[in-house]
Amino acid sequence: MASAFSAAKFSAQPFPLNHTSTTSHDSSIVFAKPTSLFLGSTRKLRLTSSSKFNLSRRSGTVDAVSDVVKQKKSKSSPSLLITKEEGLELYEDLVLGRAFEDMCAQMYYRGKMFGFVHLYNGQEAVSTGFIKLLKQQDSVVSTYRDHVHALSKGVPARAVMSELFGKTTGCCRGQGGSMHMFSREHNVLGGFAFIGEGIPIATGAAFTSKYKREVLKEADCDHVTLAFFGDGTCNNGQFFECLNMAALWKLPIVFVVENNLWAIGMSHLRATSDPQIYKKGPAFGMPGIHVDGMDVLKVREVAKEAIGRARRGEGPTLVECETYRFRGHSLADPDELRDPAEKAHYAARDPITALKKYLIENSLASEAELKTIEKKIDEVVEDAVEFADESPVPARSQLLENVFADPKGFGIGPDGRYRCEDPKFTEGTAHV
Amino acid sequence: MAAIFQGVGAAAPLSSSPSNSFDSNKSVFSPRRSFSVRKRASFAVVRSDGIVNLNPKGRSAQRLISNAVATKADSPAASSSSKPGHELLLFEALQEGLEEEMERDPRVCVMGEDVGHYGGSYKVTKGLAKRFGDLRVLDTPIAENSFTGMGIGAAMTGLRPVIEGMNMGFLLLAFNQISNNCGMLHYTSGGQFTIPVVIRGPGGVGRQLGAEHSQRLESYFQSIPGIQMVACSTPYNAKGLMKAAIRSENPVILFEHVLLYNLKERLPDEDYICNLEEAEMVRPGEHVTILTYSRMRYHVMQAAKTLVNKGYDPEVIDIRSLKPFDLHTIGNSVKKTHRVLIVEECMRTGGIGASLTAAITENFNDYLDAPIMCLSSQDVPTPYAGTLEEVTVVQPAQIVTAVEQICQ
């Protein structure tokens with residue numbers, strides 16, 4: 001229940017920063033050490049508050065749980081955070097995300113996919129930690145860095161890879177591409193190229209959930225929506241507007257910030273007046289949580305609570321996951337601005353390595369079992385590439401399909417018939 | 001039927017004063033039956049918009065024929081006098097259409113600023129919140145981009161929102177969502193998600209509302225692939241288009257006009273819709289085709305009276321569907337008259353008239369005896385001063401002059 005967060009009260013504070021949420025002088029301390037500016041500033045904040053996690057609208061306090069799991073682990077208590085099955089499931093999902101993205105990079109450089117491709121390497125813990133807790137009817141909304149969100153939600157690797165290759169067997173028939181992964185079956189609502197424009201969509205999906213329960217009287221409708229976006233988006237108007245509406249109407253949504261500190265070449269600290277994004281939640285009347293996004297178990301604990309809150313109708317939560325992308329912004333980004341020391345720091349906190357260590361140390365799995373999983377994923381990814389390679393490219397006739405759900409929208413032609421009845425339409429050669 | 005004829009006669013002073021302020025409350029105006037006694041024969045002309053949608057489940061009666069051939073005045077198909085009907089103002093007609101659709105389908109909901117408790121800035125949603133509740137008629141904060149996006153997200157997940165822009169101009173703030181998500185998501189998702197939203201609101205040049213509240217957004221939105229745009233101009237087609245738009249699986253932008261909300265008309269009691277893709281024949285004629293929409297229809301009809309007195313016989317078509325154009329009705333007219341005048345309130349540059357000119361030239365160039373003339377509003381921000389505002393939009397006198405010129 002609220003255990004994850006009440007535990008935060010008791011965790012020792014390894015760092016001297018122990019502010020209450022009201023002060024805004026954090027930033028002065030953050031900038032006091034200019035040499036370690038980019039490495040240290042946004043991460044070493046351990047704020048606690050004395051309130052419980054179940055908050056009334058007004059009290060929105062800020063909690064941080066980064067140390068929770070560590071405490072539990074070090075006590076070597078009999079209660080582990082996950083069972084063996086869960087552990088293996090999480091491991092498999094992390095490895096799938098990593099292997100898939102690595103294959104994307106390969107395929108891109110071999111000229112199998114084009115355009116802007118944004119890879120998720122390093123951030124897998126956020127996707128796995130959150131999405132593996134969802135049901136199929138729950139929705140996920142992402143940004144252009146959406147391959148792994150789609151995979152975690154259950155979209156087959158074949159469908160995603162085909163989409164990237166621009167083949168007609170892709171999840172969007174090849175019409176969307178890397179930045180527009182959609183799946184009706186798995187409730188992946190996109191894939192958006194402009195940052196911030198997915199957040200209102202997610203808010204709308206959450207609104208539908210509430211509407212179904214309260215207007216359509218589907219009493220058991222407790223679908224939750226997760227909106228994933230980055231640190232750069234948190235300076236965008238749509239972010240704030242949706243925080244307001246979601247809190248106002250207590251929509252069943254969780255806003256997940258994947259703060260990887262960089263928006264292409266713009267450091268989060270250079271773009272944001274108050275870089276502590278989780279603090280912005282309480283300003284709108286929702287809890288704001290900061291979590292170590294490189295640790296899938298910590299993310300999972302926070303996610304459980306946030307998703308549970310939403311399911312119970314208690315409203316939205318803002319979760320800031322501190323994470324990092326190992327590769328550049330996209331495959332076209334030379335990634336020259338980031339400090340190699342910073343990269344090395346986070347590479348040492350690779351979420352896959354961390355979970356592997358946890359599983360083995362706690363005797364949840366053996367090396368052999370994990371190797372089996374890795375091999376299985378390799379085969380899945382290879383199969384996906386093969387499938388995508390062998391799939392057909394879209395025929396010309398596909399051009400005009402799907403522009404309108406009702407193709408009468410193309411209008412009435414000079415001959416009095418609807419233009420969509422013209423055979424040139426089905427051939428794709430009509431001029432629209 | 002005689003009453004209707006007289007009613008139209010009395011409707012003349014729709015925009016009588018040169019300052020172009022009309023008060024349609026003065027007369028029982030039946031724009032649906034607008035016509036004028038033709039020189040050679042006296043027919044009552046009836047429009048084509050009673051056409052039932054191709055949806056086989058549609059309950060609207062197929063009463064009228066598609067190509068608006070003149071029918072006899074007392075033909076039973078030509079009138080709604082089988083039932084008495086009821087009189088409504090245009091905003092009430094919109095409300096009635098919206099309410100009927102909300103009754104019919106519980107997934108239809110409304111969202112916008114002040115649509116709930118306030119009843120809408122032009123009272124189109126008056127009473128709906130009381131009847132359907134605060135969640136179905138949602139008062140949003142002032143965040144157009146986000147609540148439009150929210151409506152689109154809700155549409156993707158099963159609802160059918162009607163999103164109101166308090167003034168169409170405010171929807172400029174929602175351009176991101178309308179262009180990227182509303183228009184594109186059905187396509188980029190490979191057809192997996194539909195977005196059956198209706199985006200509606202009052203636009204157009206009002207009475208000294210100032211530049212920002214007098215915008216015509218149809219020209220900005222017309223290039224967005226994946227959306228449909230319609231403009232209503234009479235209570236009859238307002239209700240019909242509202243209902244058709246809500247029932248459509250496509251995203252539809254419904255343009256209303258600030259100055260037309262108080263038009264009164266007698267509407268049939270039975271359920272009906274107006275086809276989204278069809279144009280409306282307002283007045284058949286022989287000499288010139290005048291294409292118009294929204295408020296300019298009334299300026300055109302006023303000019304038509306003057307023209308008839310001068311011996312001209314204009315054919316007036318309210319194109320209604322701004323995207324896509326009804327090339328059939330328009331084409332038939334061009335083939336008959338060989339002369340085209342477009343009268344619109346949109347700006348000159350890149351407006352609906354510009355697109356329409358291109359479409360007609362592309363498709364019917366061989367039938368034209370004269371270059372297409374297009375009368376649009378001036379490319380200026382609408383001034384506040386009444387005298388200046390008057391000359392930014394097209395006035396009936398200009399229309400008369402243009403027809404005289406084109407028919408030389």
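Bear in mind that the values in this text are calculations on the coordinates, not laboratory data. Not measured: the values here are computed from a predicted model. Ideal geometry is used to build each Cβ from the backbone, glycine not excepted, and the neighbour counts take in all protein chains shown.
Structural descriptor for segment B:97-136: relative contact order 30 percent, calculated from alpha carbon pairs under 8 angstrom and at least 6 residues apart. In terms of packing, defined here as the mean over residues of other Cβ atoms within 10 angstrom, the peptides B:120-131, B:334-345, B:152-163 line up highest first as B:152-163, B:334-345, B:120-131.
For the peptide B:239-251, the mean number of other protein chain Cβ atoms found within 10 angstrom of a residue's Cβ is 2. Restricted to Cα atoms, segment A:169-265 shows a radius of gyration and a Dmax of 14.7, 48 angstrom.
By the count of neighbouring beta-carbon atoms within 10 Å, fewest first, B:Val394, B:Val258 end up ordered B:Val258, B:Val394. Taking every residue in A:189-196 and counting other chain Cβ atoms within 10 Å of its Cβ, the average works out to 4. Distance from the Cα centroid of segment A:169-233 to that of segment B:99-146 is 23 Å (rounded to whole angstrom). Panel order for B:Asp318, A:Asp222, by other beta carbons found within 10 Å of each beta carbon, from fewest to most: A:Asp222, B:Asp318. Among the listed pairs A:Lys356/A:Lys376; A:Lys132/A:Lys250; A:Lys408/B:Lys243; B:Lys123/B:Lys264; A:Lys250/A:Lys304; A:Lys298/A:Lys356, a Cα-Cα separation exceeding 20 Å is found for A:Lys132/A:Lys250.
Given an 8 Å cut-off on Cα distances and at least 6 residues of separation, report the relative contact order of segment A:122-197 as a percent.
The normalised contact order for segment A:122-197 reaches 32 percent.
Taking the average, over residues, of other Cβ atoms within 10 Å as the packing measure, peptides B:350-357, B:401-408 rank B:350-357, B:401-408 from highest down.
Exposure proxy shown here: for A:Arg213, A:Arg173, B:Arg207, the number of other Cβ atoms within 10 Å sets the order, fewest to most, as B:Arg207, A:Arg213, A:Arg173.
When Rg and the Kirkwood Rh are both derived from Cα coordinates, the Rg/Rh ratio for segment B:337-408 amounts to 1.03. Within straight-line reach of B:Lys126, meaning a Cα separation under 16 Å, sit the following aspartates and glutamates at least 8 residues removed in sequence or on another chain: B:Glu92, B:Glu96, B:Glu99, B:Glu100, B:Glu101, B:Glu103, B:Glu113, B:Asp114, B:Asp134, B:Asp139, B:Glu164.
Ranked highest first by the average count of other Cβ atoms within 10 Å around their residues, in what order do A:130-138, A:357-365 fall?
Going by the mean number of other Cβ atoms within 10 Å, highest first, we get A:130-138, A:357-365.
Quick check: the distance between the Cα centres of segment A:346-401 and segment B:366-398, to the nearest angstrom? If we compute the Cα centre of each part, the gap is 63 Å. Per residue of B:105-118, other chain Cβ atoms within 10 Å of the residue Cβ number 1 on average. Take every Cα pair under 8 Å whose residues are at least 6 apart in sequence, average their separation, divide by the length of segment B:142-190, and the relative contact order is 47 percent.
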